[in-house]
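Participant: Okay, handing you the structure first.
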Amino acid sequence: MSIERLKRIDENRLEVPGDYKPGMRTKGIIYVDNVFEKELESESIEQVANVATLPGIVGASLAMPDIHTGYGFPIGGVAAFDIKEGIISPGGVGYDINCGVRLLRTNFKKDILVPKLKELIDALYNEIPSGVGSKGKIRLGPEDEEKLLLKGARWAVEKGLGDASDLEKIESGGCLEGADPSIVSQKAYERGRAQQGTLGSGNHFLEVQYVDEIYDEKTANALGLFKDQVTVMIHSGSRGFGHQVCTDFLEVMGRAVQKYDIVLPDRELACAPFNSPEAQDYFAAMKAAANYAWGNRQCLMHWTREVFMSVFNVSPSELGMALIYDVAHNIAKIEEHIFNGKKKKLVVHRKGATRAFPPGHPELPAVYRNLGQPIIIPGDMGRASFVLIGTEKAMNETFGSTCHGAGRVMSRHQAIRQAKGRAIWREMEDKGIIVRAAGRETLAEEMSEAYKDVSNVVEIVHNAGISLKVARLRPMGVIKG
């Protein structure tokens, strides 16, 4: 397979032709400029084409500029399937179900933080459980775990971990209806029991930032953002619980492929017809894992707020820490979209991609209905992150989707090799960024060079009009798993 066979549609999009490989039912479209085109992995292009072979796909197989090779589907992949004739695939959601990002605003300006920054980051590191297999402060009994899987973030709020007002600023209100805890395996329950309220490892983080650039003053004001303001970003997901749900159902889907005579170019695309019992079971278990993740980020936000109040000895009103928005970027959802002039119910898979709904969309909370959906795009720990806003063009072109982050350019092993002999934490400190991590290897895996420059990723989606820049955030302190 060759990149020369791709066709440039415009400065922001490449087409993977429908005859790129046998069995394709539609074309692929990759949002990428001339610079990133040179970095495209042949494996991830192949994955875009593979997704285009799946039964019931509607429109193109899409990929965002943060595309890189994933399990089955590329990371950065978006694909929509007809609810009657299409499929659902765990590979189109990923192992970390409802991995997502939450952005918090404060009343503080960055100057207030500088004298106490080290103390704050140390306190956050001590209070926010992080690292591989980390265990939280919450021990879930069977009854509590079941309630969490049904209620999501609402469960945490009912436990006193946050305010009811937080819920309206979470995608889907922080809860997907229709979760079925009875379908979840005992092993998933065991893995999830001690991990609620934990950051995890890998690319998960809690980052203290400040607003260093505002591109759209009116939208920034409506979101409660201002220049030099301190913000906090939390990136985490469903931990071992979601990983186990995915693992369990990949086995189920592997058998379903045989049962329903589905021909696949890659067994990692294991799937089942959406209306089959196997697909409905996976969807109900996936919702339970998504709810686990929303509960998780709610707990992490609550403890973050408590640490800030303690370190700075301020009241909640003085701190003014409030949720701007929480977005999922590894999830499948039933949504209504207009396709070929007709309203259709579709199963939209977003794997390393974020919703980008426009002003007026009925699924947006009332507070943002006239504005459009806030989009939170984390970068790497040494550069920047962005806030964007959803657009009508995204609804027309990408099923209301945009990028989710920077996207890796190095594998974790490559990054560790590259970082040999370097003190990444000291390099970060020289830039004025304080980093705490559970292990030295984590910092090597997550160094800036391991990722694409998020500014370029965001520029592509902004220029393409599928989401628009509102503000840029710079890191001051980072906690990595």
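The values are calculated or read from the model by the stated rules, or taken from the named source; none is laboratory data. On a predicted model such as this, the values are computed, not experimentally measured, just so you know. Cβ atoms come from the backbone with ideal geometry, glycine included; neighbour counts cover every protein chain shown. Ligands, DNA and RNA are stripped out before the accessible areas are found, and what is left, the full protein with its side chains, is counted by its heavy atoms. Shrake-Rupley method; radii C 1.70, N 1.55, O 1.52, S 1.80 Å.
Participant: Looking only at the range 7-27, filter to residues that are under 19 Å from Cys403 (Cβ atoms) and touching an Asp or Glu at 6+ places or on another chain (Cβ under 7 Å); which one of those is surrounded by the most Cβ atoms within 10 Å (Cβ to Cβ)?
Facilitator: Leu14
Participant: Within the range 32-48, track down each residue that is aliphatic (A, V, I, L, M) and either in a loop (DSSP other than H, G, I, E, B) or crowded, with 22+ Cβ neighbours inside 10 Å (or both).
Facilitator: At the first step, the residues of the range 32-48 found to be aliphatic (A, V, I, L, M) are 32, 35, 40, 45, 48.
Val32, Leu40, Ile45, Val48 - these are the residues of the range 32-48 that are aliphatic (A, V, I, L, M) and either in a loop (DSSP other than H, G, I, E, B) or crowded, with 22+ Cβ neighbours inside 10 Å (or both).
Participant: Any idea which residue in the range 300-318 is nearest to Gly162 (Cα to Cα), counting only those that are open to solvent by less than 40 Å² (accessible area, probe 1.4 Å) and within 27 Å of the chain's Cα centre (by Cα)?
Facilitator: His302
Participant: Select, from Ser276, Ser317, the only residue that is over 18 Å from Val157 (Cα atoms), in contact with a helix residue (DSSP H, G or I) (Cβ under 9 Å, 6 or more places away or on another chain) and polar (S, T, N, Q).
Facilitator: Testing whether each residue is over 18 Å from Val157 (Cα atoms), in contact with a helix residue (DSSP H, G or I) (Cβ under 9 Å, 6 or more places away or on another chain) and polar (S, T, N, Q) leaves just Ser276.
Participant: Something else about it: Which of the residues that make up the range 384-418 are closer than 22 Å to His68 by Cα, open to solvent by 10 Å² or more (accessible area, probe 1.4 Å) and at pLDDT 90 or above?
Facilitator: Glu397, Phe399, His404
Participant: Considering only the range 301-329, state which residues are over 20 Å from Glu168 (Cα atoms) and either part of a strand (DSSP E or B) or not aliphatic (A, V, I, L, M) (or both). Walk me through it before giving the result.
Facilitator: From the range 301-329, those over 20 Å from Glu168 (Cα atoms) are 306-315, 318-319; that's our starting set.
Residues satisfying the conditions are Glu306, Phe308, Ser310, Phe312, Asn313, Ser315, Glu318.
Participant: Now for a separate question. Quick one: which of Leu323, Leu371 is farther than 27 Å from Ser130 by Cβ and hydrophobic (A, V, I, L, M, F, W, C)?
Facilitator: Numbers: Leu323 fails: farther than 27 Å from Ser130 by Cβ.
Just a single option satisfies the conditions, and that option is Leu371.
Participant: Hey, another quick one. When you check Gln244 against the structure, is it open to solvent by 40 Å² or more (accessible area, probe 1.4 Å) and part of a helix (DSSP H, G or I), yes or no?
Facilitator: Values: open to solvent by 40 Å² or more (accessible area, probe 1.4 Å): no; part of a helix (DSSP H, G or I): yes.
No, not satisfied.
Participant: So, in the range 248-272, of the ones that are within 25 Å of the chain's Cα centre (by Cα) and within 14 Å of Leu54 (Cα to Cα), which residue ends up most open to solvent (accessible area, probe 1.4 Å)?
Facilitator: Ranking the candidates gives Arg267 first.
Participant: Select from the range 423-448 the residues that are part of a strand (DSSP E or B) and either exposed (fewer than 15 other Cβ atoms within 10 Å of the Cβ) or not small (Gly, Ala, Ser) (or both) and list them in ascending order.
Facilitator: Going through the range 423-448, the residues part of a strand (DSSP E or B) turn out to be 434-437.
Once the filter is applied, which keeps residues that are part of a strand (DSSP E or B) and either exposed (fewer than 15 other Cβ atoms within 10 Å of the Cβ) or not small (Gly, Ala, Ser) (or both), the range 423-448 yields Ile434, Val435, Arg436.
Participant: I would also like to ask the following. Identify all residues within the range 285-299 that are within 18 Å of His329 (Cα to Cα) and not charged (D, E, K, R); write none if there are none. Break it down stepwise before answering.
Facilitator: First, the residues of the range 285-299 that are within 18 Å of His329 (Cα to Cα): 285-298.
Within the range 285-299, Ala285, Met286, Ala288, Ala289, Ala290, Asn291, Tyr292, Ala293, Trp294, Gly295, Asn296, Gln298 qualify.
Participant: While we're on this one: Of all residues being closer than 24 Å to His361 by Cβ and in contact with a Leu (Cβ under 7 Å, 6 or more places away or on another chain) in the range 153-169, which is surrounded by the most Cβ atoms within 10 Å (Cβ to Cβ)? Just the residue, please. It would help to see each step written out before you state the result.
Facilitator: The initial filter retains those residues of the range 153-169 that are closer than 24 Å to His361 by Cβ, namely 153-154, 164-169.
Subsequent filtering for residues that are in contact with a Leu (Cβ under 7 Å, 6 or more places away or on another chain) retains 153-154, 166, 169.
Numbers: Ala153: 29, Arg154: 23, Asp166: 23, Lys169: 20.
Checking each candidate, the answer is Ala153.
Participant: So Asn203 ticks every box in (1) part of a loop (DSSP other than H, G, I, E, B); (2) at pLDDT 95 or above; (3) of a type in the set (S, T, N, Q) but one. Which box is left unticked?
Facilitator: Status for Asn203: all satisfied but (2).
Participant: Taking the range 187-200 as the search range and keeping residues that are under 22 Å from the mean Cα position of the chain (by Cα) and not in a loop (DSSP other than H, G, I, E, B), which one is surrounded by the fewest Cβ atoms within 10 Å (Cβ to Cβ)?
Facilitator: Of the residues in the range 187-200, the ones under 22 Å from the mean Cα position of the chain (by Cα) are 188, 191-192, 195-200.
Still in the list and also not in a loop (DSSP other than H, G, I, E, B): 188, 191-192.
Values: Ala188: 27, Arg191: 20, Gly192: 26.
Among those residues, the one meeting the criterion is Arg191.
Participant: Would you pick out the residues in the range 370-380 that are more than 15 Å from the chain's Cα centre (by Cα) and open to solvent by 10 Å² or more (accessible area, probe 1.4 Å)? Spell out the reasoning first.
Facilitator: If we filter the range 370-380 for residues that are more than 15 Å from the chain's Cα centre (by Cα), which is where we start, we get 370-372.
Once the filter is applied, which keeps residues that are more than 15 Å from the chain's Cα centre (by Cα) and open to solvent by 10 Å² or more (accessible area, probe 1.4 Å), the range 370-380 yields Asn370, Leu371.
Participant: Give the range 377-422 a look and list any residue that's of a type in the set (Ser, Thr, Tyr), in a loop (DSSP other than H, G, I, E, B) and in contact with a strand residue (DSSP E or B) (Cβ under 8 Å, 6 or more places away or on another chain), or say none. Can you show your working first?
Facilitator: The first filter runs over the range 377-422 and keeps only residues of a type in the set (Ser, Thr, Tyr), leaving 385, 391, 398, 401-402, 411.
Next, from what is left, pick out any that are in a loop (DSSP other than H, G, I, E, B): 391, 411.
Across the range 377-422, the qualifying residue is only Thr391.
Participant: Could you tell me which of the residues Glu449, Glu427, Glu445 is closer than 22 Å to Pro129 by Cα and of a type in the set (Asp, Glu)? Write out each step before concluding.
Facilitator: Values: Glu449 fails: closer than 22 Å to Pro129 by Cα; Glu427 fails: closer than 22 Å to Pro129 by Cα.
Checking each option against the conditions leaves just Glu445.
Participant: Could you list, in sequence order, all residues of the range 449-471 that are basic (Lys, Arg) and either part of a helix (DSSP H, G or I) or in contact with a Gly (Cβ under 9 Å, 6 or more places away or on another chain) (or both)?
Facilitator: Residue satisfying the conditions is Lys452 alone.
Participant: Somewhere in the range 66-75, is a residue open to solvent by 10 Å² or more (accessible area, probe 1.4 Å), part of a loop (DSSP other than H, G, I, E, B), polar (S, T, N, Q) and closer than 23 Å to Ile334 by Cα? Let's see the steps before the verdict.
Facilitator: Residues of the range 66-75 that are open to solvent by 10 Å² or more (accessible area, probe 1.4 Å), as a first pass: 68-71, 75.
If we keep only those that are part of a loop (DSSP other than H, G, I, E, B) too, we end up with 69-71.
Still in the list and also polar (S, T, N, Q): 69.
Still in the running and closer than 23 Å to Ile334 by Cα: none.
For the range 66-75, residues open to solvent by 10 Å² or more (accessible area, probe 1.4 Å), part of a loop (DSSP other than H, G, I, E, B), polar (S, T, N, Q) and closer than 23 Å to Ile334 by Cα: absent.
Participant: Cβ-Cβ below 7 Å, separation at least six or inter-chain, first residue in the range 226-248 and closer than 17 Å to Ile377 by Cβ, second of a type in the set (A, V, I, L, M, F, W, C) and assigned to a helix (DSSP H, G or I): which pairs?
Facilitator: Sorted first by the residue in the range 226-248, then by its partner, the pairs are Ile234/Leu300; Ile234/Met301; Ser236/Leu300; Gly237/Ala293.
Participant: Please enumerate the residues belonging to the range 27-37 that are at pLDDT 95 or above and either aromatic (Phe, Trp, Tyr) or farther than 14 Å from Ala63 by Cα (or both).
Facilitator: Within the range 27-37, Tyr31 is the sole residue that qualifies.
Participant: May I ask you to say which residue of Val263, Val257 is β-branched (Val, Ile, Thr) and either touching a Gly at 6+ places or on another chain (Cβ under 6 Å) or part of a helix (DSSP H, G or I) (or both)?
Facilitator: On the way: Val263 fails: either touching a Gly at 6+ places or on another chain (Cβ under 6 Å) or part of a helix (DSSP H, G or I) (or both).
Exactly one of Val263, Val257 is β-branched (Val, Ile, Thr) and either touching a Gly at 6+ places or on another chain (Cβ under 6 Å) or part of a helix (DSSP H, G or I) (or both), namely Val257.
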